[in-house]
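Working notes for the structure below.
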Amino acid sequence: MDMEYFIKQMYLAWKNTITTKQINHPLIRTEIAESWKRCLRAKVDPYGGVGNYILKGEELEKVLYINKELIEVARPFLLNLYKFLKNSGFIVMLTNSEGVILEFFGDNYMEEEAAQIHFMKGARWKEEDVGSNTIGVIINTKKPFQMTGPEHFCIKSHDWTCSAAPIFNSNGEMMGIFNVSGPIKEAHRHTLGMVVAAVEAIQHLLTISHKNHELNRISKRMNSIFQSMSDAVIILDSYGYIEQINLASEKIFGKPSYVIGKTFNELIIEDREDIEKNNNYLDEYAGVSKLLKTRRGNVECIISSKPIKNENHIEGTIIVVHPIDKVNSIIKKFNNSQARFFFQDIITNNRRMEKIIDLAINVSKSDGTVLIQGESGTGKEVFAQSIHNNSSRRKGPFIAVNCGAIPRELLGSELFGYSEGSFTGAKRGGMQGKFELASGGTIFLDEIGDMPLEQQVSLLRVLQEKKIVRIGDSKEISIDVHVICATNKKLSIEIEKGNFRQDLFYRLNVINIRIPALRERKEDIEILFNYFVKKMSEKNNRDLVNIDKEIYKYLNSYYWPGNVRELQNVVERMITLNNSDKLTVTDLPAEIYSNDMQNSVDYSHDFSRISYENVRERSRKIRIEEEHNKIYQLLLDNHGNISKVSKILGISRTTLYRKINKYNINI
């Protein structure tokens, strides 16, 4: 959630609470609500907030003496954290278990501002004294807590953000509280993590006698975390020079001495002019593909960079490097992004198809946007995968997205990703979109003609700028991806209907490949049929060597509205239901060998006499009949064994039962 919006809404919630004495705003966390209730019961002045319980002289000295060990152990951490936060507006302090401030470090101007509300050494900061604050909450909850702006009960603390954590001894007793406070504009959830980490270190030091040894151990632990990371991490200074690398980086680039002191740009295989123009690695990048010099030679890698910022000053950059073969294996494992088809997998004797394959081979040598057109089932994705596998991006991911299968309200986040809190149910930390996942490889946008107009605008911008912006975010992320689109629609007609943007069509139609329907390449029907028979027979451990030649006559006279995919499904059905070593015309589906369809042979080339919608409806009914017959036959062959049949079909038992009920099959 945007911090400015959060602060405004919390202030309204606070205002409502002190006016009505009711706490019912959804933004109010449970811990805050409970603290405000305690403040209301204690009749704390919400317009006050100045600490009036202040220990001085002997009283303060006594408290300091009682907590001497805690102070001595915690002081180095207070100083170190203050040095890290110096000039940032933050103050670092330590209290005892009653909320009395024992030690205090901060910039002079912030100490003066804190003094106005008696936020100083010796002051007690319990809820009944100054209203809701992190110290007071922890006294009650004994848990780390962060409070920002109007979450404080008293208005004089609304300009502060505070993060604190309790310090326990080895017996589990709370000894004190470690607190970091600063201006609200610097609020960040990681601050609490730093405090918790510091407190954990303090608690460790309280249990051992050799404080210096423990500090050294903690330093080694943090370095071990850095060195044991599986990701290759490189740290640059503010000038772009390499300061440090971890062990994973050494495996890629060699010994630290080989790279430390160099600029990251020196590791990139690219023209110097292009480097200076395009690669400022003090900027933020995600998923950019580059060829890097490594100990294994030149290796294509996916790199991401994140600047290290102190207010508006960049102090350095963290770069994460993933060799593309590692990225590819991970994406293939978790995203089903493997391109399995090659041009040699496209079976044809048709001269027109051979020319189209030659065109696609030439297309694969460039990164120009490709638009593949053809009816459903003609093999558009086969061509897309083949182009990818024949390109220089073959080692990168191949991400396929069916634009027509994703709900329109989810398509944007699926393609471009989203940031944390961008909508209800958004994952913590956000999510990468398909374009980011495809960076360094190819994205295949199938059914592009079904893409909603609002997403067409976003896609056009991505194609033009080579950058994406996640939903709910404003940061641009550079991407390096080859775009291939496919559709079974005539986009020129869709443009006339107002369903497709003309400017996007021009951007997509850089290279156009039209795949002919199966009925336009009849010489391929027989060889494809034989190929699928051989493939399905091997898959089902069958030895089908005899094919009735009469089958080919029926196949060639059929309209094939589902094209190659339908032919493949027909063969699968025939193999599954056939119990002999020979395929005959009686194994063909009814719509292919029936008299009704046979009568259509005389005008099968006159497509104007055949209603495409009627053919599709007939095909739908036939598919239902085929599925009914297939399930019935398998149940019969396997004596009604549901588990065995569901395994053969590759579906769950629940799905199989649903289909049995749907088709009214008696087991």
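The values are calculated or read from the model by the stated rules, or taken from the named source; none is laboratory data. Everything numeric in this text was worked out from a predicted model, so none of it was measured. All Cβ positions, even for glycine, are placed from backbone atoms using ideal geometry, and neighbour counts span all protein chains on display.
If you take the residues of the stretch 359-386 that are assigned to a loop (DSSP other than H, G, I, E, B) and closer than 25 Å to Gln464 by Cβ, which of them is farthest from the chain's Cα centre (by Cα)? Residue satisfying both the conditions and the ranking: Lys365.
Check Ile28, Ile23, Ile71, Ile7 and return the single one that is within 44 Å of the chain's Cα centre (by Cα), under 23 Å from Phe145 (Cα atoms) and not in a loop (DSSP other than H, G, I, E, B).
Answer to the selection: Ile7.
Checked against (1) touching a residue at least 40 places away in the same chain (Cβ under 8 Å); (2) within 20 Å of Gly316 (Cβ to Cβ); (3) surrounded by 15 or more Cβ atoms within 10 Å (Cβ to Cβ), Asp231 passes all but condition (3). You will find that of Gly182, Gly176, the residue that is of a type outside the set (A, V, I, L, M, F, W, C), under 23 Å from Glu315 (Cα atoms) and surrounded by 18 or more Cβ atoms within 10 Å (Cβ to Cβ) is Gly182 and no other. Is it the case, given these coordinates, that Ser304 is at pLDDT 75 or above and in the same structural domain as Gly240 (by TED's automatic domain parsing)? The answer is yes for Ser304. Of all positions in the stretch 420-429, none carries a residue that is touching a strand residue (DSSP E or B) at 6+ places or on another chain (Cβ under 6 Å), at pLDDT 95 or above and among the aliphatic types (A, V, I, L, M). Among the residues examined, Gly440 qualifies as at pLDDT below 90 and not assigned by TED's automatic domain parsing to the domain that holds Gly287. Out of the residues in the stretch 261-301 that are touching a Ser or Thr at 6+ places or on another chain (Cβ under 9 Å) and in a loop (DSSP other than H, G, I, E, B), state the one that is modelled with the highest pLDDT. This residue is Glu284. Residue count for the stretch 122-160, restricted to those that are surrounded by 18 or more Cβ atoms within 10 Å (Cβ to Cβ) and assigned to a loop (DSSP other than H, G, I, E, B): 11.
Considering the stretch 482-593, the qualifying helices (runs of 4 or more DSSP H), each wholly inside and each with 2 or more residues that are surrounded by fewer than 18 Cβ atoms within 10 Å (Cβ to Cβ), run over 491-497, 502-508, 523-539, 550-557, 563-577.
To keep it simple, each residue is scored yes or no on (1) small (Gly, Ala, Ser); (2) over 28 Å from Met194 (Cβ atoms).
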site: Ile28; (1), (2): no, no
site: Trp36; (1), (2): no, no
site: Lys43; (1), (2): no, yes
site: Gly49; (1), (2): yes, no
site: Lys68; (1), (2): no, no
site: Glu72; (1), (2): no, no
site: Leu85; (1), (2): no, no
site: Phe90; (1), (2): no, no
